[in-house]
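Worksheet for the structure shown next.
The values are calculated or read from the model by the stated rules, or taken from the named source; none is laboratory data. All values reported here derive from a predicted model rather than from experimental measurement. Glycine also receives a Cβ, built like all others from the backbone with ideal geometry; neighbour counts cover every protein chain displayed. To get the accessible areas, we keep the full protein, side chains included, count just its heavy atoms, and leave off ligands, DNA and RNA. Shrake-Rupley method; radii C 1.70, N 1.55, O 1.52, S 1.80 Å.
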Amino acid sequence: MTGALSTAQAYDRCEAITREHAANFYYGIRLLARERRRAMCAAYAFARRIDDVGDGDLAPQRKRELLDEAAAQLAALEAGGRPASPQDPVLVALADAHARFRLPPGALGELIDGVRMDVDGVSYERFDDLVVYCRRVAGAIGRVCLAIFATRAGGVRNDAEQWPRMEGLADDLGVALQVTNILRDVREDAENGRVYLPGEDLRRFGVLAGEEGRRGGGRGEADDMPSAALLRARLDDGGASVDGLVALVRFEAERAERWFAHGLELVPLLDRRSAACVSAMAGIYHRLLGRIEADPQRALRGRVSLSGGEKALVAVRSVVTGRA
């Protein structure tokens, strides 16, 4: 491909990426007016690119190089308002969205920092340590979404006095969504060599014993993490450790419920269509969390999901009631 892409072409590509990959979020995104929907798709497509680096099969050093490259491209875009490559549809669309909606500087950079934590094999001793990660990979995206929801033409916030509170609520809702993801993917993550559940909680519920998992909470290589192989063994042994895991999943789900309860206070502060979008996206994850909490053993056997019909029902209810 030669020559610069038009903004319309760039947004079309980002929408295609979002339709293909955003299995849960697109149910909410599609409820927005065209300009906001396209900006959301640009942000999602960039986030997807970063996540794909972290989840891919490349060597860790190569992943770090790609993340550094993306961070430099993002910094240039935020400083100058132009994409580093006029042929890159994601950067072209994101530059336009950044100009239209005053996306918060540094927020997408926090996402990159969060994915670096995955690449570097960071583990988490306490839940507060895990919250730092959740705020980077999900809360930051929530703040980007909020800017798109709550900015009018000309870059004026709908409610400047409420803005700090709204940002905090968007951040908290992101934590709720990410903890739900972690509970959904406990087995899949362990099979991929990752453990997100806090070490102190794994010991508290008898999944790990003694000093196991006590070295988390900082940057380090994979051998500094609570052993994913050990967690896989606990998942498979059928003994008391599985009972501990069931109790642990319920405990973390109750935590996530509290983050949802606080984060969803954002909804009535938004305009109707933005509120419906947030309600649909959060509602799908909230229903998923309820399913995990009701049957933790099912979640520990494999990924729990909702059917397309269930997701559509949540989206319709969000339009009708404005609630998640």
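The angle separating the long axis of helix 308-321 from the principal Cα axis of greatest extent in the chain is about 60 degrees. Each Lys and Arg adds +1 at its Cβ and each Asp and Glu adds -1 at its Cβ; summed about the Cα centre, the stretch 2-136 shows a dipole of about 680 debye. Relative contact order for the stretch 256-324: 45 percent, from Cα pairs under 8 Å spaced at least 6 residues apart, divided by residue count.
What is the distance in Å between the Cα centres of the stretch 261-281 and the stretch 101-133? One Cα centre to the other: 23 Å. Dividing the Cα radius of gyration of the stretch 15-113 by its Kirkwood radius returns 0.96 for Rg/Rh.
Between the listed residues 247, 312, 230, the Cα displaced farthest toward the positive end of the dipole of the chain, a dipole computed from Cβ unit charges relative to the Cα centre, is found at 312.
Using only alpha-carbon positions in the stretch 253-307, the gyration tensor eigenvalues give semi-axes of 25, 13, 5 Å once each is multiplied by 5 and square-rooted (largest first).
Hydrodynamic estimate: the Kirkwood radius of the chain over Cα pairs, inserted into Stokes-Einstein at 20 °C and 1.002 mPa s, corresponds to D of 105 µm²/s.
Simple rule: put +1 on each Lys or Arg Cβ and -1 on each Asp or Glu Cβ in the stretch 50-153, find the dipole, and look at 144, 56, 114; the Cα lying farthest toward the positive end is 144.
Sorted on the mean count of surrounding Cβ atoms within 10 Å across their residues, most packed first, peptides 290-298, 87-95, 138-146 read 138-146, 87-95, 290-298.
Take every pair of alpha-carbon atoms less than 8 Å apart whose residues are at least six positions apart; their mean separation over the length of the stretch 52-160 yields a relative contact order of 26 percent. Net length available on complete extension from residue 35 to residue 307 is 95.1 nm, with 0.36 nm assigned per residue and the Cα-Cα distance removed.
Axis of helix 34-55 versus longest Cα principal axis of the chain: the two differ by about 40°, to the nearest ten degrees.
About the centre of its Cα atoms, the chain shows a dipole size close to 1300 debye [charges on the beta carbon of Lys, Arg (+1) and Asp, Glu (-1) only; nearest 20 debye].
Residues within the reach of a label modelled at residue 262 (point 7 angstrom out along Cα to beta-carbon, backbone nitrogen below 19 Å), restricted to the stretch 169-193, are 169-183. In the context of the full protein assembly, residue 101 retains an accessible surface of approximately 10 Å², using a probe radius of 1.4 Å and ignoring ligands and nucleic acids.
Each peptide in 71-80, 250-259 gets a packing score, the mean of other Cβ atoms within 10 Å over its residues, and the list from highest to lowest is 250-259, 71-80.
Taking the chain, the Cys residues with no second Cys beta-carbon under 4.7 angstrom are 134, 145, 277. Measuring r between the beta carbons of residue 12 and residue 229 and using R0 = 35 Å, the FRET efficiency lands at 0.20.
Just want to confirm a number: the relative contact order over the chain, from Cα pairs under 8 angstrom separated by 6+ residues, in percent. Relative contact order of the chain: 19 percent.
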